[in-house]
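To start, the structure itself, in structure tokens.
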Amino acid sequence: MKILYITYIDLNAPQTSGSSVRPNKMLHAFLESGHTVKLLSGSTEYIHRTQRKHSIKEILSWLENETPDICYIESSTYPIIFHADRKLIKRIHKLGIPIGYFYRDFYRKFPKLFPRRKGFVNFIKESFLNILQYKTDKILNYADIIYLPSIQAKRLFDYKDMRALPPAGDNKLIPHPYNKTIIYVGGISKHYGGDLLIEAFKLLNSDASEYKLMLVCRENEWSKVPEEDKHYPWLQCFHASGEALAQLYAAAAAAIITKPDNEYNNLAISVKLFEYMSYGLPVISTDNDAMSDIIRHYGLGLIASSAEELADAVKSMLNNKDLYDNFCQNTATALNNNNLWANRAEQVVKDLSALKSNKQH
């Protein structure tokens, strides 16, 4: 299968967020599945506009002599910035090449949760983003399938063909000690439930139980944490990635997700859920609809709605070996049951190939 694969980020840059991890994982999944990939990548920041336009021109020239079987597009956090990118999508559609577009972020649908920035300069920037979002949403009518992080997110849009394409994992399954250590990886502001996380562990350790939290975050985020919340005896903070992070996963019994319950989080699915699954870690999570459905469906762990419930869930999981072992087994089974990145890549190939066949007939 010959795939034209389009991203709006620099795939050679450090992978520091889900918006960079996912496009890389999908690319490698296509290649490792034996497909031929023609790649368009590169930053769409304004300072890289000339290089991006040059890359698009090269793709247009390539399309004069080559016809890919399908086109798959991984969006970034932002709308499509450049006119040339939108023009390219129209050209691909005109050539009759089936297009699948993964719609990553829909935070602009929730202005109350994500208020627009204040001030005249920011007003201009936000107005510009609104225009770009409008143009992006219009150009996506040329896509044959709009992929979304969850099936629940379909309620936000009215595209003719919308399907779920959630994150996935890699098989890095390892044994874990049955101890009282929980790992958390991600943002630690209130937006990510950092306050819930700390409060839950305060409750857990109020009777000197010694439940430990390994917190992995960026250095700049840790610097903003109040000093009084940095020195609990049960808390260790790390700024780790790669092999160092893998070693931390190996030292934990379970993982935790604390995203607050709100309209946006109820439709989104954290890449970290599947990364935890990759290492065979059962999970304790706050109750967000899309993620909770996955956790309950596969029996990956426990769901909670408050700091008190999070604390109780940790105790329940780490004081019942049979329950814990069951979650570990379920996690390994779920990972290898259609939840690897290779499965997501093959879903795209299967979906778009079917459309290509229909178009030819």
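Just one of (1) assigned to a helix (DSSP H, G or I); (2) in contact with a Ser or Thr (Cβ under 7 Å, 6 or more places away or on another chain); (3) farther than 15 Å from residue 150 by Cβ; (4) open to solvent by less than 30 Å² (accessible area, probe 1.4 Å) fails for residue 324. It is (2).
Collect the residues in segment 245-263 that are open to solvent by 30 Å² or more (accessible area, probe 1.4 Å) and either touching a helix residue (DSSP H, G or I) at 6+ places or on another chain (Cβ under 8 Å) or closer than 15 Å to residue 276 by Cα (or both), keeping them in residue-number order. The answer is 247, 250, 251, 259, 260. Restricting 36, 7 to those that are of a type in the set (S, T, N, Q), in contact (Cβ under 8 Å) with a residue 60 or more places away in the chain and under 26 Å from residue 353 (Cβ atoms) reduces the list to 7. Total residues in segment 44-66 satisfying the condition of being within 12 Å of residue 88 (Cα to Cα), polar (S, T, N, Q) and surrounded by 14 or more Cβ atoms within 10 Å (Cβ to Cβ): the figure is 1.
Identify, please: which residue in segment 76-95 is open to solvent by 40 Å² or more (accessible area, probe 1.4 Å) and of a type in the set (Lys, Arg) and is, among those, farthest from residue 42 (Cα to Cα)? In this case the residue turns out to be 94.
Only one of the numbered conditions (1) surrounded by fewer than 20 Cβ atoms within 10 Å (Cβ to Cβ); (2) modelled with pLDDT under 95 is violated by residue 186, and that is (1).
For the structure I just gave you, tell me whether residue 211 is among the aromatic types (Phe, Trp, Tyr), under 18 Å from the mean Cα position of the chain (by Cα) and at negative phi. Considered against the rule, which asks whether it is among the aromatic types (Phe, Trp, Tyr), under 18 Å from the mean Cα position of the chain (by Cα) and at negative phi, residue 211 comes out as no.
Kindly evaluate residue 346 against the criterion of being touching a residue at least 12 places away in the same chain (Cβ under 8 Å), part of a helix (DSSP H, G or I), of a type outside the set (Val, Ile, Thr) and on the phi < 0 side of the Ramachandran plot. Considered against the rule, which asks whether it is touching a residue at least 12 places away in the same chain (Cβ under 8 Å), part of a helix (DSSP H, G or I), of a type outside the set (Val, Ile, Thr) and on the phi < 0 side of the Ramachandran plot, residue 346 comes out as yes.
Among 159, 142, 101, which is in contact with a His (Cβ under 8 Å, 6 or more places away or on another chain), surrounded by 14 or more Cβ atoms within 10 Å (Cβ to Cβ) and without any contact (Cβ under 8 Å) to a residue 60 or more places away in the chain? Step by step, each of 159, 142, 101 is checked, and only 142 is in contact with a His (Cβ under 8 Å, 6 or more places away or on another chain), surrounded by 14 or more Cβ atoms within 10 Å (Cβ to Cβ) and without any contact (Cβ under 8 Å) to a residue 60 or more places away in the chain. In summary, helices (runs of 4 or more DSSP H) completely within segment 183-275 and bearing 2 or more residues that are under 16 Å from residue 311 (Cα atoms) and out of contact with any strand residue (DSSP E or B) (no Cβ under 9 Å at 6 or more places or on another chain) occur at 194-204. When residues in segment 276-306 are screened for being crowded, with 20+ Cβ neighbours inside 10 Å and in a loop (DSSP other than H, G, I, E, B), 6 of them pass.
Take the conditions surrounded by 15 or more Cβ atoms within 10 Å (Cβ to Cβ), outside any loop (DSSP other than H, G, I, E, B), modelled with pLDDT under 95 and not small (Gly, Ala, Ser) and apply them to residue 22. Does it pass? For residue 22, the condition - surrounded by 15 or more Cβ atoms within 10 Å (Cβ to Cβ), outside any loop (DSSP other than H, G, I, E, B), modelled with pLDDT under 95 and not small (Gly, Ala, Ser) - is met.
Among the conditions (1) of a type outside the set (Val, Ile, Thr); (2) modelled with pLDDT under 95; (3) in contact with a helix residue (DSSP H, G or I) (Cβ under 7 Å, 6 or more places away or on another chain), residue 45 misses just one, which is (3).
Note on segment 25-138: enclosed strands (runs of 3 or more DSSP E) holding 2 or more residues that are under 26 Å from residue 164 (Cβ atoms) and touching a Pro at 6+ places or on another chain (Cβ under 8 Å) are 70-74.
The values are calculated or read from the model by the stated rules, or taken from the named source; none is laboratory data. Note that this is a predicted model, so its numbers are computed, not measured. Note: ideal-geometry Cβ built from the backbone for every residue, glycine included; neighbour counts use all protein chains shown. The area values use the complete protein model at the heavy-atom level, side chains included, leaving out ligands, DNA and RNA. Shrake-Rupley method; radii C 1.70, N 1.55, O 1.52, S 1.80 Å.
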